[in-house]
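Notes for the one structure printed next.
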Amino acid sequence: MPYKDILVHVDSSKNCQSRIELAVRLARSQNAHLIGLFIATAPDVPEFVQSLMGQQVQDLQARFQKEAQEQARKMWDEFAGKSGLSLEWRAVEGDPVEQLSMHGRYADLVVVGQRDNSIGGDGGSIDIADELVFELGRPVMVVPYVGNFKKLGERVMVAWNASRESTRAVGDTIPLLRDAKQVVVLAINPHGGQNGHGAVPGADISQHLARHNVKAEAQHVFAEDIDVGNMLLSRAADEDIDLIVMGCYGRSRLREMVLGGATRHIMRHMTVPVIMSH
């Protein structure tokens, strides 16, 4: 079944245009309802400044929020308004992760931007994706803050390690995988055992995908001298991948040390959009 509704976080950051364009493209391919969500967040003002300036600070915050919303709405109207899709605009106030979690639970997919450490202040610089994947319960597509993505979902790489999280990611993205021209299921340094891979790493999940009319190719590689995150990005470049699908690992310190390195690396260094599930 295709996605029926997609929610995209719209802000006034410089990379929001590509985020909206990708969300429009996805919604069109899925014939989905597209929701643009703007979240007004007050600038972080030190308490001593607030105590000195009083009402002036509140007035400045209100003006900042109004200008940011106007810029975001203008971008939404320009890049989504003429798409011919079923559209909806929402403007709320509050914490970005809390608001995206609340609104996103009633959508099939949520689209957000990668954190841009080179800027500050606007919602686009808040580390939203890291927290949202764990809070939401829906797949999250993270769009890199640099790059121009003319293709999406034609050549997809599934980062497969036979875990609960990667299984969830595959199930969450079947509507997209079914439309892809090529799906590569990549297992890096696979291991056996009850919680590991079968005799041919990636073959079992590829067979499952085939029953969903997904043409998937199982690949595996052993590379103990390179970390998983770097290997994923390297293979994605070699295969001309335009979308990565992967599980996102939890907050337990031990699990983060053992399994979460690839998640952290991809979050920081992604070169193509990534869909993550937890």
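Observations on the model:
- Residues of the range 104-117 that are touching a residue at least 24 places away in the same chain (Cβ under 8 Å) and either assigned by TED's automatic domain parsing to the domain that holds V245 or farther than 16 Å from A32 by Cα (or both): V112, G113, Q114, R115, D116.
- Helices (runs of 4 or more DSSP H) wholly inside the range 125-243 containing at least 1 residues that are within 22 Å of the chain's Cα centre (by Cα) and more than 30 Å from A107 (Cβ to Cβ): 228-238
- Qualifying residue in the range 94-112 (condition: among the polar types (S, T, N, Q), surrounded by 16 or more Cβ atoms within 10 Å (Cβ to Cβ) and either at pLDDT 90 or above or closer than 12 Å to V10 by Cβ (or both)): yes
- In the range 254-272, of all residues being surrounded by 14 or more Cβ atoms within 10 Å (Cβ to Cβ) and over 19 Å from L243 (Cα atoms), the one that is modelled with the lowest pLDDT corresponds to L259.
- Qualifying residue in the range 139-159 (condition: polar (S, T, N, Q) and farther than 21 Å from L22 by Cα): no
The values are calculated or read from the model by the stated rules, or taken from the named source; none is laboratory data. Please read these numbers as outputs of a predicted model, since none were measured by experiment. Methodologically, a virtual Cβ is constructed for each residue, glycine included, from the backbone with ideal geometry; neighbour enumeration extends over all protein chains shown.
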